[in-house]
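Novice: Dropping a structure here in structure tokens format, bear with me for questions.
The values are calculated or read from the model by the stated rules, or taken from the named source; none is laboratory data. The structure displayed is predicted, hence computed values, not measured ones. Methodologically, a virtual Cβ is constructed for each residue, glycine included, from the backbone with ideal geometry; neighbour enumeration extends over all protein chains shown.
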Amino acid sequence: MIRRLIKNFFVDILHCVLVAIAVGSPLLLIAHPWTATAATANGSTLNTHAVMVDDTDKIVSWVSNQDRAYDTVVSLAWDYLLNKVPNDPSTGQPAYFSQSYLNPDTQQMAGWPNNPAGMFSMLIESAMSYYQYSGNYAVITLAQRLADQELTSGMTLSNDNWPNVQYASGDAGSLTYHGASYGDSTGVGDGVGIIEPDKVGEFGIALIKLYEQTGKTAYRDAAIKDADALANHVRAGSSSQSPWPFRVNAQTGAIREQYSAHVISPIELFDELIRLNLGNVANYQRARTTAWNWMMTYPMINNAWSGYFEDVSVQGDTSNTNQLNAMMTARYLLRNPQTDPNWETHVRGLISWVESTFGVSQFGAFTIEEQQIFMFAMGSHTSRYAEVNALLYEKTGDVSAKEKAYRSFNWATYMARSTGVVIDGPSVNNQWFTDGYGDYIRHFMIGMGASPDWTPIGQTHLLESSSVVSNITYTSSQITYTTFDPSGIEEIEVASVPIGVTANGAPLPKRSDLAGQGWTITQNVLRIRHDSSGIIMIEFNGVPINQNPSITLISPLNNATATSPGSFLLQATASDPDGTVNRVEFYSNGFLVATVASPPYIYTLSSLAEGTYSLSARAFDNLNAYSILATALVTVSNPSSTSTSPPVYETVWNTTTPSKSTSSFNVQAGDLLVATAMTEDSSVSVSISGGALNWIQQQVVSVPSYGWVSIWTAAVDANKTMSITFTREGGTGNYGGNIFAFRNAIIGASSNTNGFGSSTLNFTTTQTNSAIVVANVDWNAVSGSSRVWRTNAGAFTEKSYANVSGAYSIYGGFHQNAGASGTYAVGLSAPDGEKYSIAAVEVKGTASAVNTAPPIISGVTTGSINQNGASIIWTTNAPATSRVEYGLSTNYSNTTAVNSSLDTTHTQVVAGLSAGTLYHFRIHSIDAAGNEGISSDFTFATPMQSDTKFLFGDQEIESQVDYNALGSAEAFQTTAISSGTVRAISVYVDGSSTARTLIAGIYADSAGHPGPLITQGSSAALTASAWNAVTIPGASVTEGQPYWIAVLGINSGQLSFRDGSGGCKSEVSAQSDLTALPLSWMTGAIYPSCPLSAYGSIGP
């Protein structure tokens, strides 16, 4: 019997994979739900690579095969670490033991103080995640060498105030670590004898995980000593003192620096030891509670996320914030949401703070700078930000978070050269073993686990495990691995169809979910739950899993416009990597308007009235798998009616008040609010709130120490009177802002720049009669009447201005009508040598307020169901129409009539159904703006006809799809519930079945196995996705007696059916060339795949 997964037709649009391959040039993007299009070089370079962008001008990886981009950079990095790292001439050992970084071009030692505890911790984490992904044990060997080096040459003494813990730093060129003497001579760094308690926690969690991987108790015992020291030294903390100091003398306990917000690593260490019941658990729980309460009281509220990097000077306050502490805390919350009931609010707040404080947009990606005193975008920090957004997507389905993660990961790939040299960032260009390796690899590994469609197509990798994977072996036909914990859940990207999964030799059932132990597969992602044994084996049949087709919408371009009556050419290209494209469907606002069976895939949509339209295309392959929708938003308008209305505006600026609100103003539903916010200090940002609206930061830019600007937007949901509050985040000094309310408008282009000299931003609008909103900060700008806007867009209306001691100018404004679309130079006429930050957005007029959010469908349920019909009930978050597609598979093929009434509570009746049949359905609801919400797939089953007497078997349509090879029979246990003469056996034939003939029969029971054949019959007129009655010669059955129902497919095709996973068993016949059920059963394999969706009755 073949235990496999039939191709999954239930494609989750948020997790689906678009498959393509690189064929020459240009490249074809892959596995990304937002883009499936040609990638081209944009003329820029990053770290020796030509920058590649898609048709939206956003960055993709430099790696030619996009599906292998992340795999490629981590593999290059590991190859370098294992095979290419030069030896330090001072020690004769690989440089990572004694150096923090190298010159990437010459491979010369940098001679900067070493940071072993943090570096080794990161490398150990990266090694463990890469080992489960690849099976390459060499990385674990390296991890052990690193841990052993620290434990033998970098520990405090047993009689120190901080006993038996690790030093965070050491002198360059030395294999012993006792703090860096550079810190004594310069005040930059730790100094000899100084430890960093947060690194004790960081190294401790790496040790306990390495113990779980290797079983070496020395690592466990060292981790317990780390936890003991941390628990014994914890303090309540305050806004200026953290639970542990950042730097402290190990021998005396004298504090050198009071504050580090990096408390999440000690918390993780406590968590794991408490879970394992190791060490002084009560003391760890007390210390954990103290650290957690402090974190939630102070940095989570005031964003004082400072104190991590070993090579910075001693800080007297908390102003040198960094992104690492905030993002590692967000990562912990996403992986441990049970610890914080407000985890999502906190995570989104941390992401927003990092974006506004350290984020710089480049090629459509958020790049992340390191810390306030070192504001340079770097690969490790950008990939950490990407990892957090990927985890947020995995947890919530937030597609915008996945998009941010995707672009930031793509940018970070450029830090890796094809030689395996990975630099920290393009502006710094050093090769750190932390930033380029330990703190780089691990984020890509977690990102691929959170979004498996970023892994290589046609390969098999274990991506995520709730327990440490202690060993793993990959072959072409199976994977075997062992987890530290007997219970766990794993996620595996697979290249071919699984035959079966066992835990310690016992088969695990295939399931529709992981509510119990077993396994599921969606597309090519296998998920396994095991409850009592971590010894897992997966076998494959070698048949590749069908991949989805990909599609590119060539025309129209996004944001294209036309004059009423509008006409657009819909043109798409489509491909399928493992089959053929069957058809392309074109949609307008979610309604099917054309189906094109063969290339060229072209259709002209004409006679469109004024309004906004969502035009999209979807490709289907020969097995009916389908791509995501490729969509373009277009507008049909009357040019005379599309200019923006004069905005309502409010202004606020001052030098002393931390928070300032505008006066009240009136807005209407559909208005677009645009807010500018500017500060004179790049370390100070401004947040915007008010109106119970969702504020989105469109632009943010700054010059270190010389000013910060941002532009925010929000869509008004109802007529209201409201005010806006500008809140200064940290620091002091002048800040300002504006709020504009535009009618009948949407955001078009946006851009920013910064630098030195006269401030000018060359800004390109996309539509006639647009407004341009500008935010500016200039240092050394002229004041008063001599200030002149530099623009060829016409006169700007300046809405706020502040001059601070003749040094800073803060201003914002808008130009009402930019005239024809084109490029405009906007800025301020000021003396050369000024430092400036400037951002701008285009506000485009529309014929009406545009709502592009589809209605959210929820509460889907079935009402009354009978043999011939069912009622479908659901709700939407906004008034919308009602329609239900339904059918015997996810092809649907039937639909109810559209109820055009705009309601939030919906009921549709599906009629004309067959009894005893499983039906698939999905819901379509379209709101007043034409946005369509489409639900995922749901199912219901109609009951059987009541004129048959049920004698034995299972009348439920079980969730597990199963099949046997042609000529192989399978028998399933059952017990008669009534006595009588059975004359028919009804078998549910799955929708994927292609068999032409079904033979069904009954066997007597013989000591728990099929005995003599009692009766059998056949049917050559099968209906898929339905119950099929097989008439048999009458046979008597007795209530309470065991029997076996047997099924066999013959002649041609494959018989697919449904079975369950509990309470009984099935046996496969030893014969594999049967043309009828044998008189005497010969047992082959035995499975827990029971009951069969089949039953015996008196008559059909």
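Novice: Is the stretch 348-356 home to any residue that is assigned to a loop (DSSP other than H, G, I, E, B) and among the hydrophobic types (A, V, I, L, M, F, W, C)?
Specialist: Within the stretch 348-356, not a single residue is assigned to a loop (DSSP other than H, G, I, E, B) and among the hydrophobic types (A, V, I, L, M, F, W, C).
Novice: Now for a separate question. Give me the residue from the stretch 618-638 that is outside any strand (DSSP E or B) and hydrophobic (A, V, I, L, M, F, W, C) and, out of that set, farthest from I747 (Cα to Cα).
Specialist: By that ranking, first place goes to L623.
Novice: Considering only the stretch 1073-1085, I want to know if a residue exists there that is surrounded by 14 or more Cβ atoms within 10 Å (Cβ to Cβ), outside any loop (DSSP other than H, G, I, E, B), under 45 Å from the mean Cα position of the chain (by Cα) and in the same structural domain as T974 (by TED's automatic domain parsing).
Specialist: yes
Novice: Follow-up question, since we're still on this one. The conditions are (1) surrounded by 19 or more Cβ atoms within 10 Å (Cβ to Cβ); (2) farther than 26 Å from F374 by Cβ, and L151 fails exactly one of them. Which is it?
Specialist: Every condition holds for L151 apart from (1).
Novice: Let me ask another. Pick out the one residue from I472, I492 that is within 20 Å of the chain's Cα centre (by Cα) and among the β-branched types (V, I, T).
Specialist: I492
Novice: Within the stretch 993-1044, track down each residue that is surrounded by fewer than 17 Cβ atoms within 10 Å (Cβ to Cβ), part of a loop (DSSP other than H, G, I, E, B) and not basic (K, R).
Specialist: T994, A1007, G1008, A1020, A1021, T1023, A1024, T1038, E1039, G1040, Q1041
Novice: Let me ask something else. What's the number of the only condition in (1) in a loop (DSSP other than H, G, I, E, B); (2) more than 41 Å from the chain's Cα centre (by Cα); (3) under 29 Å from K510 (Cα atoms) that S978 fails to meet?
Specialist: Tallying (1) in a loop (DSSP other than H, G, I, E, B); (2) more than 41 Å from the chain's Cα centre (by Cα); (3) under 29 Å from K510 (Cα atoms), S978 fails exactly one: (3).
Novice: Assuming V1047 fulfils every condition listed in (1) buried (at least 18 other Cβ atoms within 10 Å of the Cβ); (2) among the aliphatic types (A, V, I, L, M); (3) free of Cβ contacts under 8 Å to residues at least 40 places away in the same chain apart from one, which condition is it?
Specialist: Condition (3) is where V1047 drops out.
Novice: Ok, one more. If you take the residues of the stretch 472-484 that are of a type outside the set (A, V, I, L, M, F, W, C), in contact (Cβ under 8 Å) with a residue 60 or more places away in the chain and surrounded by fewer than 21 Cβ atoms within 10 Å (Cβ to Cβ), which of them is nearest to T72 (Cα to Cα)?
Specialist: It comes out as Y474.
Novice: Sticking with this structure for a sec: Could you tell me which residue of the stretch 850-869 is farthest from L672 (Cα to Cα), considering only residues that are surrounded by 14 or more Cβ atoms within 10 Å (Cβ to Cβ) and either in contact with a Leu (Cβ under 7 Å, 6 or more places away or on another chain) or not aliphatic (A, V, I, L, M) (or both)?
Specialist: It comes out as Q867.
Novice: Continuing with this model, one more query. Of the residues S153, S129, S121, S134, only one is over 28 Å from T482 (Cα atoms), touching a residue at least 12 places away in the same chain (Cβ under 8 Å), among the hydroxyl-bearing types (S, T, Y) and not assigned by TED's automatic domain parsing to the domain that holds L81; which?
Specialist: From the options S153, S129, S121, S134, the qualifying one is S153.
Novice: Sticking with this structure for a sec: For the stretch 524-531, does any single residue satisfy the condition of being over 22 Å from G458 (Cα atoms), aliphatic (A, V, I, L, M) and either modelled with pLDDT of 85 or more or in contact with a His (Cβ under 9 Å, 6 or more places away or on another chain) (or both)?
Specialist: The answer is no, given that none of the residues of the stretch 524-531 is over 22 Å from G458 (Cα atoms), aliphatic (A, V, I, L, M) and either modelled with pLDDT of 85 or more or in contact with a His (Cβ under 9 Å, 6 or more places away or on another chain) (or both).
Novice: Take the residues in the stretch 401-420 that are of a type in the set (S, T, N, Q) and assigned to a helix (DSSP H, G or I); name whichever of them is nearest to S100 (Cα to Cα).
Specialist: Per the criteria, the residue is T413.
Novice: Of all strands (runs of 3 or more DSSP E) completely enclosed by the stretch 421-484, which ones contain at least 1 residues that are basic (K, R), out of contact with any Phe, Trp or Tyr (no Cβ under 8 Å at 6 or more places or on another chain) and under 16 Å from A386 (Cβ atoms)?
Specialist: Fully inside the stretch 421-484 and qualifying: nothing.
Novice: In this structure, does S936 turn out to be under 30 Å from P498 (Cβ atoms), hydroxyl-bearing (S, T, Y), surrounded by fewer than 16 Cβ atoms within 10 Å (Cβ to Cβ) and modelled with pLDDT under 85?
Specialist: Against the criterion (under 30 Å from P498 (Cβ atoms), hydroxyl-bearing (S, T, Y), surrounded by fewer than 16 Cβ atoms within 10 Å (Cβ to Cβ) and modelled with pLDDT under 85), S936 qualifies.
Novice: Sticking with this one: Scanning the stretch 852-866 for residues that are assigned to a loop (DSSP other than H, G, I, E, B) and modelled with pLDDT of 75 or more, which turns out farthest from I926 (Cα to Cα)?
Specialist: I856
Novice: Just to confirm my filter: which strands (runs of 3 or more DSSP E) fall fully inside the stretch 644-750 and include at least 3 residues that are touching a strand residue (DSSP E or B) at 6+ places or on another chain (Cβ under 7 Å), at pLDDT 80 or above and more than 30 Å from F376 (Cβ to Cβ)?
Specialist: Hits in the stretch 644-750: 672-679.
Novice: Going by the conditions given, is N164 at positive phi and of a type outside the set (F, W, Y)?
Specialist: yes
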